[in-house]
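The values are calculated or read from the model by the stated rules, or taken from the named source; none is laboratory data. On a predicted model such as this, the values are computed, not experimentally measured, just so you know. We work out accessible area using only protein heavy atoms, side chains counted, and drop any ligands, DNA or RNA first. Shrake-Rupley method; radii C 1.70, N 1.55, O 1.52, S 1.80 Å.
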Amino acid sequence: MPLALLALAVGAFGIGTTEFVMMGLLPEVANDLDISIPAAGHLVSAYALGVVIGAPLLAAVTARMPRRTVLMGLMVLFIAGNALSALAPDYDWLVAARFLSGLPHGAFFGVGAVVATSMVAPERKARSVSLMFLGLTVANVAGVPVATLMGQQLGWRATFLGVSAIGLAAVASLALLIPRAQAHAAPPAGLRGELAALRSLPVWLALGTTVAGFGALFAAYSYVTPMLTESAGYADASVTLLLALFGVGATAGNLLGGRLADHAMRGTLFGGLLSLVAVLALFPLLMSTAWSAALAVFLLGMAAFVTGSPLNLMVMEKASSAPSLASSANQAAFNLANAGGAWIGGLALAAGFGVTSPALAGAVLAALGLAVAGAAYTVDRRRVTTPRPVRERVVAGHVPQQGETVRS
């Protein structure tokens with residue numbers, strides 16, 4: 001695999017760390033700025049809103065720029081957002097800085113996935129995407145716990161200065177390791193070509209699968225701490241280690257999904273979603289003992305992230321002429337899944353269905369994702385077997401001969 005993938009993974013590590021570390025620093029931020037915990041929680045939402053808005057917007061605006069330049073510029077914006085977070089004099093400033101930090105997130109992963117797949121043979125595309133996302137999953141194992149501990153010992157501002165330093169390392173890595181071809185050659189499809197990708201039904205079905213599938217993950221994961229303490233009987237101090245176990249499962253699933261998807265992309269996606277349905281449906285049983293609860297946390301991360309590489313690759317292939325915007329939109333879909341899944345899991349809790357009920361709500365969402373993926377497969381099959389109209393073929397540059405049957 002190209003060494004340039006390491007540069008993308010370093011950037012992904014920094015982004016993953018800053019995305020999730022705020023959840024562990026809410027008490028410190030609330031105390032320092034004299035705000036409530038719920039108000040501090042809005043800082044998580046501000047980052048997610050930045051991702052949803054920034055992913056398609058920045059990918060579209062930079063459509064004609066060389067991709068290495070785009071990646072480095074996005075990391076500079078990332079550094080600025082985290083540095084401003086560290087210097088924030090008040091709550092409103094910090095909300096704005098967190099929003100700014102989230103803007104480059106989706107576009108970096110979207111453009112990065114296109115660059116990663118362009119540097120490898122076709123049979124290694126999914127694996128290259130999984131290696132870039134390895135930075136994100138490793139951030140959950142090492143980056144977030146270390147950054148949280150740094151914030152607790154040195155103050156939360158030190159955490160964001162540290163993340164800014166990771167961003168500087170990522171910029172240097174991108175400058176040194178991304179090939180010159182990515183530095184000088186602008187993508188052929190401009191803004192109009194990129195926007196055209198979003199008119200494709202298969203692209204929207206792939207994005208819908210991401211929202212439902214990862215919504216299933218976050219419906220359960222957002223409330224895994226009370227499940228572990230109230231149902232499985234773990235002490236509060238043990239939860240951090242168990243969340244790191246989730247990161248280990250996510251890392252294993254990400255690598256496994258990338259390897260399998262290179263052989264059978266659709267089969268890997270279906271298998272991952274089926275596994276996610278099964279794991280979430282078994283959560284109430286698995287959360288009844290300490291050892292099985294630890295296994296459940298690992299399996300949740302593994303089952304969910306097996307689907308990551310095939311979903312990213314599917315979106316890019318369905319928008320093959322202009323993949324950057326569609327790939328970035330997939331990151332926005334991931335963050336919509338984060339917010340929507342947490343909301344649906346909260347509804348199950350509020351309805352009084354029990355502490356493990358968010359996992360069952362997640363199982364329903366995973367089944368919905370499987371249904372959407374099935375619909376996408378049906379649409380693809382129909383497109384393969386349905387002849388295209390003569391006029392459409394002529395416009396595409398092919399004049400059919402007499403008696404010829406052309407299939408798309």
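Sorted largest first by accessible area at a 1.4 angstrom probe radius, with every protein chain in place, the residues 6, 349 fall in the order 6, 349.
I'd like the orientation of helix 91-118 relative to the chain: the angle between its Cα long axis and the longest Cα principal axis, in ° from 0 to 90, rounded to 10. Value to nearest ten degrees: 40. Largest GNM mean-square fluctuation among 67, 199, 127, using the chain with Cα springs under 10 Å: 199. Of 289, 240, 137, the order by accessible heavy-atom surface (1.4 Å probe, DNA, RNA and ligands excluded), from most exposed downward, is 240, 289, 137.
How many percent of the accessible area of segment 212-276 is carbon or sulfur, using a 1.4 Å probe? Heavy-atom surface of segment 212-276 belonging to carbon and sulfur, 1.4 Å probe: 64 percent. Given in Å, the Rg to one decimal and the Dmax to the nearest whole number for the Cα atoms of segment 53-136 are 14.8, 50. The 1.4 Å probe gives accessible areas that order 263, 105, 42, largest first, as 263, 42, 105. Against the chain, whose longest principal axis comes from its Cα atoms, helix 201-221 is set at around 20 degrees.
Got a number for carbon plus sulfur as a percent of segment 290-375's accessible area, 1.4 Å probe? Its accessible area is 77 percent carbon and sulfur atoms.
In segment 22-143, carbon and sulfur make up what percent of the accessible area (probe 1.4 Å)? Intermediate values should be presented prior to the final figure.
On the way: 2990 of 4360 Å².
Of all accessible area on segment 22-143, carbon and sulfur atoms account for 69 percent.
Stretching the chain fully between residue 176 and residue 378 yields a gain of 68.3 nm (0.36 nm per residue, less the alpha carbon separation). Normalised per residue, the accessible area of the chain is 41 Å², obtained with a 1.4 Å probe and no contribution from ligands, DNA or RNA.
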